[in-house]
1. Which residues, taken from region 91-110, are within 16 Å of the ligand (Cβ to nearest atom) and of a type outside the set (A, V, I, L, M)?
2. Six or more apart or on different chains, Cβ under 8 Å: which pairs go from a residue in region 113-139 that's farther than 9 Å from H78 by Cβ to one that's outside any strand (DSSP E or B) and among the polar types (S, T, N, Q)? Could you list them?
3. Keeping to region 118-151, report how many residues are of a type in the set (A, V, I, L, M), within 19 Å of the chain's Cα centre (by Cα) and in a helix (DSSP H, G or I).
4. Under 8 Å between Cβ atoms, at least 6 apart or on separate chains: pull out the pairs that start in region 208-225 with a residue that is over 16 Å from N12 (Cβ atoms) and part of a loop (DSSP other than H, G, I, E, B) and end on any residue that is open to solvent by 10 Å² or more (accessible area, probe 1.4 Å) and within 10 Å of the ligand (Cβ to nearest atom).
5. Which one is farthest from the ligand (Cβ to nearest atom), of the residues in region 161-183 that are in a loop (DSSP other than H, G, I, E, B), open to solvent by 40 Å² or more (accessible area, probe 1.4 Å) and touching a helix residue (DSSP H, G or I) at 6+ places or on another chain (Cβ under 9 Å)?
6. Among the residues of region 42-67 satisfying the criterion of being outside any helix (DSSP H, G or I) and open to solvent by 10 Å² or more (accessible area, probe 1.4 Å), which is nearest to I9 (Cα to Cα)?
7. When region 1-29 is examined, which residues are found to be more than 16 Å from the ligand (Cβ to nearest atom) and surrounded by 24 or more Cβ atoms within 10 Å (Cβ to Cβ)?
8. Considering only region 128-143, state which residues are more than 13 Å from I173 (Cα to Cα), surrounded by 20 or more Cβ atoms within 10 Å (Cβ to Cβ) and away from the ligand (no atom under 15 Å from the Cβ).
Amino acid sequence: MNARRKPLIAGNWKMHQGGASGVDLAVQVARAAAVLPAVEVVVAPPYLAIPGVVRETTEVAQQHHCAPIGVAGQNVHHEPKGAFTGEIAASMLVEAGCRWAIIGHSERRQYFAEQDADVAKKTRAALAAGLGAIVCVGETLEERTSGRTLDVVLRMVDAVLDVLAGAGARGVIAYEPVWAIGTGKVATPKDAQDVHAAIRARLAGRDVELANATRILYGGSVKADNARDLLAQADIDGALVGGASLDIAQFGPIMRAAQELAS
Ligand code: PGA
């Protein structure tokens with residue numbers, strides 16, 4: 001981590017905890033986050049849980065006299081409205097109380113055929129609506145073993161470089177090696193740091209302020225017992241957590257590791 005950027009710990013719930021159980025989980029996260037002022041915490045519930053999560057986590061923040069945790073959409077459509085059955089616009093997320101959107105997650109790229117150009121359009125739409133954008137990039141196992149990790153990751157970063165310029169702390173990149181997502185196979189802190197440093201250098205090549213402001217999160221099998229070593233790396237500014245974000249006994253220690261390293 002680096003003192004100039006506030007660490008960001010985001011939980012990507014995927015297609016889990018969509019109803020009352022999601023609101024309960026968010027309240028637990030919000031209560032834990034209320035005593036961790038050095039960390040920005042975000043949860044990304046399924047769409048239907050968003051209004052309840054926003055309402056209840058805002059109430060927790062009022063009780064604790066602190067800022068509420070952030071709530072994110074897991075995806076966003078690039079058009080403001082129209083005949084796009086099943087889709088949600090950025091302004092709708094804002095209206096529901098979201099402050100963030102996750103964009104271009106590898107599951108969106110893999111199962112829903114999202115391409116770099118789509119990811120750029122979605123990122124532009126999210127930022128224009130006032131949301132922060134957590135843009136996911138990462139290589140597959142085959143791309144890593146054939147030595148193409150940086151080619152792939154930097155190609156994905158290049159697609160959003162111009163869009164992220166000027167976004168400040170609302171621009172976030174999540175490096176998530178596809179082979180580490182949901183597999184229990186976490187990148188070593190050094191391997192992750194090497195990719196994060198390459199992403200930072202690419203941002204710096206576009207604009208030094210962009211490199212200084214953009215938080216680069218690591219994602220892929222982050223757990224309570226490996227978070228600290230990852231977060232201690234110079235260019236790792238936080239974590240995008242899937243499975244472990246569904247269990248406060250895992251997510252709590254990840255948030256606390258960020259707080260301890262930041263303070
Ligand atoms: P995981 O998922 O933590 O379950 O590996 C991370 C993600 O997909 O964002």
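The values are calculated or read from the model by the stated rules, or taken from the named source; none is laboratory data. Just so you know, these numbers come straight off a predicted model, no measurement behind them. Cβ sites come from the backbone with ideal geometry, for glycine too, and all protein chains shown count toward neighbours. Note: areas computed on protein heavy atoms with side chains; ligands, DNA, RNA excluded. Shrake-Rupley method; radii C 1.70, N 1.55, O 1.52, S 1.80 Å.
1. First pass over region 91-110, keeping only residues within 16 Å of the ligand (Cβ to nearest atom): 100-110.
Listed by number, the residues that qualify are W100, G104, H105, S106, E107, R108, R109, Q110.
2. What qualifies is A129/S91; A133/T123; V135/T123; C136/S106; G138/S106; E139/T149.
3. Matching residues across region 118-151 total 6.
4. Correct list of pairs: A224/Q250.
5. Residues of region 161-183 that are in a loop (DSSP other than H, G, I, E, B), as a first pass: 165-167, 176-177, 181-183.
Narrowing the set further to residues that are open to solvent by 40 Å² or more (accessible area, probe 1.4 Å) leaves 166, 182-183.
Cutting the leftovers down to touching a helix residue (DSSP H, G or I) at 6+ places or on another chain (Cβ under 9 Å) gives us 166, 182.
Values: G166: 26, G182: 4 Å.
Selected residue: G166.
6. Start the filter on region 42-67 by keeping residues that are outside any helix (DSSP H, G or I), which leaves 42-46, 65-67.
If we keep only those that are open to solvent by 10 Å² or more (accessible area, probe 1.4 Å) as well, we get 46, 65-67.
Numbers: P46: 18, H65: 20, C66: 17, A67: 15 Å.
Filtering region 42-67 for residues that are outside any helix (DSSP H, G or I) and open to solvent by 10 Å² or more (accessible area, probe 1.4 Å), the one nearest to I9 (Cα to Cα) comes out as A67.
7. The initial filter retains those residues of region 1-29 that are more than 16 Å from the ligand (Cβ to nearest atom), namely 1-7, 18-24, 26-28.
Residues satisfying the conditions are P7, A26.
8. Going residue by residue through region 128-143, those that are more than 13 Å from I173 (Cα to Cα) are 128-131, 139-143.
Now restrict to residues that are surrounded by 20 or more Cβ atoms within 10 Å (Cβ to Cβ): 131, 139.
Correct list: L131 only.
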